[in-house]
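The values are calculated or read from the model by the stated rules, or taken from the named source; none is laboratory data. All values reported here derive from a predicted model rather than from experimental measurement. All Cβ positions, glycine included, derive from the backbone under ideal geometry; neighbour counts span all protein chains shown. Keep in mind that these areas ignore ligands, DNA and RNA; they rest on the heavy atoms of the full protein, side chains included. Shrake-Rupley method; radii C 1.70, N 1.55, O 1.52, S 1.80 Å.
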Amino acid sequence: MPEKEITLEINPGLILLLAFSLVVLILNLQVTFGTPINFGDEGFHSRLAQYMAENREFPIWLSVIEGTKLESGGYTRPPLWNLVEASFFLLLGFQEFIIRFLTPFIAFLTGLATYILVKRLFDQKIGLISAIFLITLPSLVTYSVLFYTDMLFTFYSALFFFTFLLYTKENRRKYLFLSAIFAALAAFTKAPGYAYYLFFGLEFLYEIFKTKSFATLKKYLLVLAILLLVQAGFYVRNFYYYKNPTCYSIPYLKIFPMESCGIDKWQDKYQFAGRTVEEATEASVYKMGIMGYLAFAYGSLPLVVLGFLIGLLLLSKEGSEMLKHILLYLLLFLAVFYISTGRAEDTARHTLAWAPLITTIAAIFFGKTYEIFSSYYKYLGLIVIILIILLAYQNFKVKLDTMATVKQFSPTFFEACNWVKAHPEEVPEDAILMTIWAHRAIYNCQRIAAGNMPDIALSRDLNYTLEVAKSHGITHLFIQKFSIDPTNSHLAERYDLEFVQFLENNPQNFQKIYENGPPLQDCQQYWQRGYSCDGNIIYKIVY
């Protein structure tokens, strides 16, 4: 009997999905092309890929773009996303178009892959609904327009788990080995992908328990070989430089030393009181509230969250063999969720890979609803699809409009960076800027930057401040007025007003070479009235 292959057949469901997905893609691209490459880690990933393409190397230490000779991380992170970007830069030259296009397009491919595989696992309507839910899910919309690792990670995660389910459904080993390849690529993109290695271990134990034999051992040894070989070169490279193949701090497992994974040759005398003010998604999941978090990550609760719970009950009622594997995968979701609840934004990021499964289970419920309506009248089922599309689009548009706003940043910051790039005589190409916005500065200013250092930002001893700055190699201080804290709360991601006044009071050592926005004295009047003050100051350190 000939094997049945996964094919892409043109049918009304696929045409509808492609049309809807293209609308979503275009709207996502409007945001990525209409906002700066600046939010969060965007600058870091873009500058790192640019460096890799220009120098044709994996940097050993990240201080080539961010950090100092005394404090720097090693390039031990999963590199696949940076490699993908760098590869396009090598082929086409450095083009911002590539950065802005890739993540929305990968989101488009993720929706299409979900449709194809879920259609094979269940049926066309569930595949269609799950794909529509997925590409409009607020947490996925967020990372469709951010230039992070997460979208590529979610793409490989969807391929990993759905091909594994195909293996369990059709008992064809090629899907198991494909699943292993996708799992390895996911882990090569983002560290939570190593949870999939554990998943295969648990599946191996389950099969032994189920069959009461070790006949499955050979099969899973091949899986293990795939999981290790895909990243073998990177493991060897990391072990050579850092004495550790991954440099991940795995809970309860301390097999390899972590001391060589970074450079830490400075002992801080001062300590910040905290990182930043805990508000909105900076707060923990529990501080935000579970219902608030679910709305933040999944949008309309009746649409996906309630649909997921009912869909899970329907799967349970059917007694599907597939359910056991789904529950095991969801167990890993709960584990990742539990260890990442300290910051709601990070929780949504680290659990994003489970979104394709969550939307698929929700689609099972709505697929059943479609069948019930269609049983009464053929075209009533279309009403369900239309309502799903309208509600999903509303979910999508609200989040996309939010992202279009939050991805904006002070125009004065880019003015300052443009001045830096235009004046290498004032800020040489090998200068090191200290700024709390280091990720943003390394790309937009095209200079090495280091984060806010407590022994510089909190010290009021001129000699000690200069000693610390010189030891690290800091040449300039890049201060954003909109990040100055007039309450002097000693936060790592704010500048105490006292610190900036300290710089102003010592012009012989902190030479102001650039300023935009209102003068500092005018800013103090804004702060007294409860307003923010825009603008930047660049000080050149004179030793």
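Observations on the structure shown:
- Rolling a 1.4 Å probe across the protein heavy atoms gives segment 132-175 an accessible surface of 17 Å² per residue.
- Residue-averaged [θ]222 nm for the chain, counting only DSSP H segments that reach four residues, each worth -39500 (n - 2.57): -19000 deg cm²/dmol
- Loop-located trypsin sites (Lys or Arg not before Pro) in segment 414-484 whose Cβ has at most 13 other Cβ within 10 Å (DSSP): ARG460
- Between TYR543 and TYR531, the simple label model (points 7 Å from Cα in the Cβ direction) yields a spacing of 4.1 nm.
- Of all lysines in the structure, those lying under 24 Å Cα to Cα from LYS421, and not within fewer than 8 positions of it along the same chain, are LYS69, LYS407, LYS470, LYS481, LYS512, LYS540.
- Local electrostatic count, VAL223, Cβ distance below 15 Å [Lys/Arg +1, Asp/Glu -1]: +3
- Apportionment of accessible area to carbon and sulfur, the chain, percent (1.4 Å): 63 percent
- Partner aspartates and glutamates whose Cα lies under 20 Å from the Cα of LYS265, excluding those fewer than 8 positions away in the same chain, are identified as GLU66, GLU71, ASP455, GLU467.
- Residue-level accessible surface for GLU467, protein heavy atoms, 1.4 Å, Å²: 100 Å²
- Eligible aspartates and glutamates near LYS174 by straight Cα distance, threshold 20 Å, same-chain separation 8 or greater: GLU3, GLU5, GLU203, GLU207, GLU321
- Å³ per residue enclosed by the Cα convex hull of the chain: 171 Å³
- Cα centroid separation - segment 109-143 against segment 43-83, whole Å: 33 Å
- Probe 1.4 Å, all protein chains present, accessible-area order of HIS476, HIS490, largest first: HIS490, HIS476
- Heavy atoms of the protein chains alone define the surface here; on that basis segment 358-440 has 50 Å² accessible area per residue at 1.4 Å probe size.
- Phi-based couplings in Hz for segment 114-126 (Karplus 6.51, -1.76, 1.60; Gly and Pro marked x): 4, 4, 4, 6, 5, 4, 5, 6, 10, 7, 5, 5, 5
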